[in-house]
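Worksheet: one structure, shown below.
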Amino acid sequence: TMCSTLHSLFLASASRHAARPAVIFDDGDGHILAASYGEVQAMAETFATRLKLILEEKKIPSTKIRVGIHATESEQLIPAVLGILLVGAYVPLRTEDTLMQAVRTGARCLVSNNPGSLAEALPNTAWVH
């Protein structure tokens, strides 16, 4: 049996169908945003590179990479998840209990489009905005 990861399956689809829409998002203000497989792949790889630099800067060992996302829905959510999977383990966080979940799961890095007071509560955590 062949075992594939989510991000390897996505990258394979992106190489075959780069121009096809991969993410379509309604921003709630009447705007429909779309990104192709190729664009999402590029965003994910850029995000993964940025994330690696932050993790290296914080001296987080590769065996301990668990990255949580605390963000509202946006067209950038899928590329962020794929970028995280290229680097380490993705930890989905529910908004109502983010702080406790981050501590319990050992997430050493959090991605957020609005960290607010969480950044103060988790000062030893790497943050990506």
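What the table shows:
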quantity	calculated
GLU75 being surrounded by fewer than 21 Cβ atoms within 10 Å (Cβ to Cβ) and either free of Cβ contacts under 8 Å to residues at least 24 places away in the same chain or within 28 Å of HIS17 (Cβ to Cβ) (or both)	yes
Close pairs from the range 99-120: first surrounded by fewer than 14 Cβ atoms within 10 Å (Cβ to Cβ), partner modelled with pLDDT of 75 or more, Cβ under 9 Å, at least 6 apart	GLY106/ARG66
Per-region count, the range 1-42, residues closer than 13 Å to LEU85 by Cα and at pLDDT 90 or above	1
Single unsatisfied condition, TYR90 versus (1) modelled with pLDDT under 85; (2) closer than 21 Å to LEU6 by Cβ; (3) assigned to a helix (DSSP H, G or I); (4) touching a helix residue (DSSP H, G or I) at 6+ places or on another chain (Cβ under 6 Å)	(3)
Residue list for the range 62-72, restricted to those being surrounded by 16 or more Cβ atoms within 10 Å (Cβ to Cβ), more than 8 Å from the chain's Cα centre (by Cα) and either at pLDDT 75 or above or part of a helix (DSSP H, G or I) (or both)	ILE65, ARG66
Residue that is among the basic types (Lys, Arg) and part of a loop (DSSP other than H, G, I, E, B), where the choices are LYS59, LYS52	LYS59
Test: residue in the range 27-34 that is in a strand (DSSP E or B) and either open to solvent by 90 Å² or more (accessible area, probe 1.4 Å) or within 19 Å of LEU110 (Cβ to Cβ) (or both)	yes
Residues that are in contact (Cβ under 8 Å) with a residue 24 or more places away in the chain and either surrounded by fewer than 19 Cβ atoms within 10 Å (Cβ to Cβ) or not in a strand (DSSP E or B) (or both), drawn from the range 35-46	TYR37, GLY38, VAL40, GLN41, MET43, ALA44, GLU45, THR46
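The values are calculated or read from the model by the stated rules, or taken from the named source; none is laboratory data. Model, not experiment: these values are computed from the prediction. Neighbour counts run over all protein chains shown; Cβ positions are idealised from the backbone, glycine included. Calculation scope for accessible area: heavy atoms of the full protein, side chains included, ligands and nucleic acids excluded. Shrake-Rupley method; radii C 1.70, N 1.55, O 1.52, S 1.80 Å.
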